[in-house]
Amino acid sequence: MINHYLKEMNFNAIIIIFSIDNHASFVKVKSYLNMVFKYNKNPLIFLIGNKFDLKDRREVSIQEAIDFAREQNIKYFEVSSKLNFNIQNSFEEIAQDIMNKNNEEVSQQLFLEDEVKIENNKSKCGIF
């Protein structure tokens, strides 16, 4: 089912969530990333470790998650949906990154369109 969505949609951003008290959920992140890269070109990817409220039962260390995120060149956040810990901050940062990426893509597209117009104008010029 995930493959279908990744194949049919071209996502600008993807959020992958795992549970910090369940190492198996963290191990699956790698296969999700492989699927993402197979079907999407250059999406922003964010990794979220949920259940910070269960840090006493932590199976994924903060360092392990941070190191993995750095290796994959993705941002990492820890949250607790139960305690509403870091939810707003992380999603505001994610939204800002998406807006920044979209602005860069629009600017680049406008630049490319201007280059095409200039190039087209050159081809219409002649020597008299």
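The values are calculated or read from the model by the stated rules, or taken from the named source; none is laboratory data. Since the model is a prediction, treat every value here as computed from it, not as a measurement. Note that each Cβ is placed from the backbone with ideal geometry, even for glycine, and that neighbours are counted across all protein chains shown.
Tabulated results
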read-out	value
Residues located in region 70-81, provided they are of a type outside the set (Phe, Trp, Tyr), within 11 Å of the chain's Cα centre (by Cα) and not in a loop (DSSP other than H, G, I, E, B)	72, 75
Positions within region 73-90 being within 19 Å of residue 29 (Cβ to Cβ) and either surrounded by 15 or more Cβ atoms within 10 Å (Cβ to Cβ) or charged (D, E, K, R) (or both), in sequence order	74, 75, 76, 77, 78, 79, 80, 86, 90
Pairs with Cβ under 7 Å, 6+ apart, first in region 1-22 and within 29 Å of residue 52 (Cα to Cα) and at pLDDT below 95, second acidic (Asp, Glu) and surrounded by fewer than 15 Cβ atoms within 10 Å (Cβ to Cβ)	none
Any hit, region 41-51, residues being assigned to a helix (DSSP H, G or I) and surrounded by 15 or more Cβ atoms within 10 Å (Cβ to Cβ)	no
Filter result (of a type outside the set (A, V, I, L, M, F, W, C) and more than 15 Å from the chain's Cα centre (by Cα)) within region 34-69	50, 51, 53, 55, 56, 57, 58, 59, 61, 63, 64, 67
